[in-house]
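The values are calculated or read from the model by the stated rules, or taken from the named source; none is laboratory data. Predicted model only: the values in this text are computed from it and were never measured. Don't worry about glycine lacking a Cβ; one is built from the backbone with ideal geometry, like all the others, and counts go over all protein chains shown. Accessible surface is based on the protein model in full, side chains and every heavy atom, while ligands, DNA and RNA are left aside. Shrake-Rupley method; radii C 1.70, N 1.55, O 1.52, S 1.80 Å.
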Amino acid sequence: MEHRRLIILGTGPAGYTAAIYAARANLQPLVFEGDQAGGQLTMTTEVENFPGFPDGVMGPELMEAMKKQAEKFGAEFKSGIATGVDLSQRPFKVVIDKETEYTADALIVATGASAKLLGIEGESEMIGRGVSTCATCDGFFFRNKRVIVVGGGDSAMEEATFLTKFASEVTIVHRREEFRASKIMQERAKANPKIRFVMNVQSKRVLSDGNKVTGLEVVDNRTGETKVLEADGVFVAIGHKPNTDFLRGQIELDDIGYIVTKGNTSETSVEGVFACGDVMDSRYRQAITAAGSGCKAAMDAEKFLEGQAAHDWSVSLNA
């Protein structure tokens, strides 16, 4: 069983930034890349809102640069997914891919959250080419275009309202007769002249010409009639699921499954375990906020490990 001072679970802006800071602090972190090395940004084409890139940068390119920067300072990367942990005592135990075990004095969790998708034909193929799960990230690319938002909760209303800053028309498509969104969010959307509603239909297929989205095929739940809603983009806004199943029963999570952190720190309910990025942030979910939280997690972990080292040294001296 291999032991490390610090193990980081997950990559993306949070995990990579934590790795950079931890490596520069000579903690020699071991980073497990998860099921998607680089996180959700590897599925994004051009990123225009990350500071320092006035002409934008491709998502995969940004993530690869962050990884190289962490490796330059001594971070070690391995493929693998965390499938279990034992946080009841230190050193912590981490199980990778259900078979390989590691131990660590400190742990940073940056496993992110996965956007829920519809699971319909054409959807995954067109992600980054007209299908998106983030209006804040991609709304700018749909200036003066028609877009569809699929969903019926607060997220859908918020995404649709935001998109009206750019799009010429926004259509909210929902599978039920009534929305789950709060009354105030519904009223705000309904009062916006750019937003229209198509209710009680099931999304069946994302249409495209092979290069870009051309519309969404839906089926009317009442009549069974199939219709095509023409659009230049489809935004899926049916929520996110934090990647924390392997932590249940080991650490405090909220009702949805996000890791609960203490105040303005990355500290969790378990001393020596820190969280950063979308796995603990249900509100912002941006690359830059994830990177900032990764910095905090590494600094908190360094402080914790320094304290442990000081404690261990005094004990050995007295002995």
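What the table below lists for this structure:
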{"read-out": "Euclidean distance of C-alpha centroids, the range 166-201 and the range 132-160, integer Å", "value": "11"}
{"read-out": "Cys with no candidate disulfide partner in the chain (beta-carbon separation under 4.7 Å rule)", "value": "Cys276, Cys295"}
{"read-out": "Rounded accessible area per residue of the chain, 1.4 Å, Å²", "value": "49"}
{"read-out": "Rounded if a/c under 1.5, otherwise prolate or oblate - the range 192-319, Cα gyration tensor axes", "value": "prolate"}
{"read-out": "Residue-averaged 222 nm ellipticity for the chain, from DSSP H runs of 4+ at -39500 (n - 2.57), nearest 500", "value": "-8000 deg cm²/dmol"}
{"read-out": "Which labelled figure in (i) 21.0; (ii) 20.4; (iii) 22.9 is Kirkwood radius over Cα pairs in Å, once derived from the coordinates", "value": "(i)"}
{"read-out": "Cα gyration tensor category, rounded, prolate or oblate, for the range 146-220 with a/c compared to 1.5", "value": "oblate"}
{"read-out": "Whole-angstrom gap from the range 78-100 to the range 1-53, using each part's C-alpha centre", "value": "17"}
{"read-out": "Loop GluC sites (Glu not before Pro), the range 162-243 (other Cβ atoms within 10 Å of the site Cβ: 12 or fewer; DSSP)", "value": "Glu177, Glu178, Glu225"}
{"read-out": "Of Lys72/Lys93; Lys116/Lys227; Lys67/Lys296; Lys78/Lys98; Lys165/Lys194; Lys67/Lys241, those spanning more than 21 Å from alpha-carbon to alpha-carbon", "value": "Lys72/Lys93; Lys116/Lys227; Lys67/Lys241"}
{"read-out": "Prolate/oblate/rounded label for the range 70-140 (Cα gyration tensor, a/c 1.5)", "value": "prolate"}
{"read-out": "Percent antiparallel among DSSP beta bridges (both partners in the chain, rounded to 5)", "value": "45"}
{"read-out": "Sulfur and carbon atoms: percent of accessible area, the chain [1.4 Å]", "value": "47"}
{"read-out": "Taking the range 110-168 and dividing mean pair separation by its residue count, relative contact order in percent (alpha carbons under 8 Å, at least six apart)", "value": "35"}
{"read-out": "Cleavage-rule hits, trypsin sites (Lys or Arg not before Pro), the range 195-237, DSSP coil, Cβ neighbours within 10 Å at most 15", "value": "Lys212, Arg222"}
{"read-out": "Low-density loop cleavage sites - GluC sites (Glu not before Pro) in the range 66-108, where at most 10 other Cβ are within 10 Å (DSSP)", "value": "Glu99"}
{"read-out": "Axial C-alpha extent at least 24 Å, average Kyte-Doolittle at least -0.5 - helices from the chain (DSSP)", "value": "287-318"}
